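The structure under discussion appears below in the form of structure tokens.
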Amino acid sequence: MATLQMLITSSLLSVFVAFLYTLVVSGQFAKFSKLELPQGVTGPESAAFRGLLFLTEGPFTTVTDGRILKWQGPNAGFVDFAYTSPSRSKQLCDRTTDPNLGPICGRPMALSFQPTTGLLYIVDVYFGLLVVGPNGGLATQLAGGFKFLTGVDVDLLRGDVYFSDATLTFDIRNTTQPGFKPDSTGRFLRYNPRTRQVSVLLSGLSGGGGPAVSHDGTFVLVPELTGNRISKYWLVGRRANTAELLLNNVGNPNKIKQAGRPGEFWVADSPGFMPPTPLITPQGVRFNSNGVVLQTVSFATQFFNKTISLVQEQNGNLYVGSRGTNFIGVYSN
Ligand SMILES: *[C@@H]1O[C@H](CO)[C@@H](O)[C@H](O)[C@H]1NC(C)=O
Ligand SMILES: *[C@@H]1O[C@H](CO)[C@@H](O)[C@H](O)[C@H]1NC(C)=O
């Protein structure tokens, strides 16, 4: 009897601890503020930070007019950091929202820092996979010939760069055309900086998003934006170089990023986006490496009916990126 009682007490205790963790440690992210882009600039798809803990700079973000901007604090706001197109002119491109200028101005979609070298890896719809040094400026192309790259993440242990290609058939301009239909020709890729080779690891994926390498480098999570699922691609062990389904029925998962606690992740979800429904419900979902959903935070009050592309946790705050806004949303406790 005593054992049973202890068992009940200890399981009640663990439920209570889990409850306390949700409430206090992880919090509800009820406070909201905006990091506004410069006047006329839109579409901050990503939010990456450089450095560690309290010595971080950023967020750095990728915007519709082709620039990579860096947040310099509330007085200076966002300032120019880097760009992807060798023929980009500030006069023609700054503040443009014309999708047809993309091939001239660039359209960067995602960022990932390699902390030991300070290199910033970038994927751009028109200019492929690129890298830029710690001082920014014009990025150097590492691999090209893609239609629609959407996500990138560096493996901190080995230096390999994982990235995702939404499709072989259309680019970002097609997604807003009437009658647009997504397909299943997306790919998950790896760039090896030592051999400078790109390998295709998975193909036939339904839509892009952004992969995330686990904190211990044992696997990479791969979302399928229009396939509504997330797979786990093993890098080591018995199952190395194979994928397994981790989460099903996720509503249009876009970029995935490591959460603050090792072994946990945030994914930016926009259920209702594809196939289109009258109302999109943007939300951040925190889950662990076993595919257990731990928390869902709704962003609908501030991002009403807009798709979101990224949820980045940094020092206990959530930074939310979207193609449809002129700000990065910051949720804190
Ligand atoms: C994408 O848009 C371009 C430019 O409007 C058009 O030429 C092309 O046929 C479209 N492709 C698809 C797959 O819809
Ligand atoms: C939500 O946005 C879509 C287009 O993105 C639009 O068709 C729809 O009417 C909007 N719904 C509401 C309730 O505003």
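None of the figures in this text is laboratory data; all of them are computed from the coordinates on show. The model shown is predicted, which means the values in this text are computed figures rather than measured ones. Heads up, the Cβs are rebuilt from the backbone with ideal geometry, glycines too, and the neighbour counts pull from every protein chain shown.
Details
- Note on the chain: with a GNM built from Cα contacts shorter than 10 Å, the maximum mean-square fluctuation among A82, A268, A300 falls on A300.
- Distance between the pseudo-spin-label points of A300 and Q197 (7 Å out from Cα toward the beta carbon): 4.9 nm.
- Packing-based exposure ordering (other Cβ within 10 Å, fewest first) of L119, L149: L119, L149
- Cut-off 15 Å between beta-carbons: net charge of the residues surrounding W234, Lys and Arg +1, Asp and Glu -1: +1
- Long-range amide H partners of R323 with built H, under 5 Å: S309
- Of all DSSP bridge pairs formed entirely within the chain, close to 95 percent run antiparallel.
- Percent of Cα-Cα distances greater than 27 Å, calculated over the range 29-332: 34 percent
- Counting only DSSP H runs of at least 4 residues, each contributing -39500 (n - 2.57), and dividing by the residue count of the chain, the helix-based mean residue ellipticity at 222 nm comes to -2500 deg cm²/dmol.
- Label zone (Q91, point 7 Å along Cα-to-C-beta; backbone nitrogen cut-off 20 Å) within the range 101-119: 101-106.
- The angle between the Cα long axis of helix 2-20 and the main principal axis of the chain comes to about 30°, on a 0 to 90 degree scale.
- Taking the fewest neighbouring Cβ atoms within 10 Å as the starting point, the ordered list for D269, D165, D183 is D183, D165, D269.
- Sparse-neighbour loop sites [trypsin sites (Lys or Arg not before Pro); the range 214-285; at most 12 other C-beta within 10 Å; DSSP]: R238
- Note, ³J(HN,Hα) from phi for the range 165-179, Karplus 6.51, -1.76, 1.60, rounded to Hz, x at Gly and Pro: 10, 5, 6, 9, 10, 9, 10, 4, 5, 5, 5, 9, 7, x, x
- Taking all Cα pairs closer than 8 Å and separated by 6 or more residues, the relative contact order of the range 184-244 comes to 23 percent.
- Rough spin-label spacing in nm, given labels placed 7 Å along Cα→Cβ, for N135 and D80: 1.5 nm
- Over the chain, relative contact order from alpha-carbon pairs under 8 Å, at least 6 apart, %: 14 percent
- Cα-projected label distance for D216 with L52, points at 7 Å along beta-carbon direction, nm: 2.0 nm
- Net charge of the neighbourhood of L225, taken over other residues with C-beta under 11 Å away and scored Lys/Arg +1, Asp/Glu -1, is 0.
- Non-local Lys pairs in the range 29-332, i.e. 8 or more apart or on different chains, that have alpha carbons under 21 Å apart: 16
- Lys/Arg +1, Asp/Glu -1 at C-beta; the chain dipole; positive extreme among M274, P74, G159: G159
- Given R0 = 30 Å, the distance between the Cβ atoms of Q177 and N248 translates into a calculated FRET efficiency of 0.55.
- For the range 88-94, the Karplus equation 6.51 cos²θ - 1.76 cosθ + 1.60, evaluated at θ = phi - 60°, returns couplings of 5, 10, 4, 4, 6, 9, 4 Hz by residue, with Gly and Pro reported as x.
- Between the range 70-88 and the range 114-158, the Cα center-to-center distance that results, in Å: 16 Å
- Residues whose placed amide H lies under 5 Å from that of F148, excluding near-sequence neighbours: A166, T167
- With K and R counted +1 and D and E -1, the other residues having a Cβ less than 13 Å from that of F180 yield a net charge of 0.
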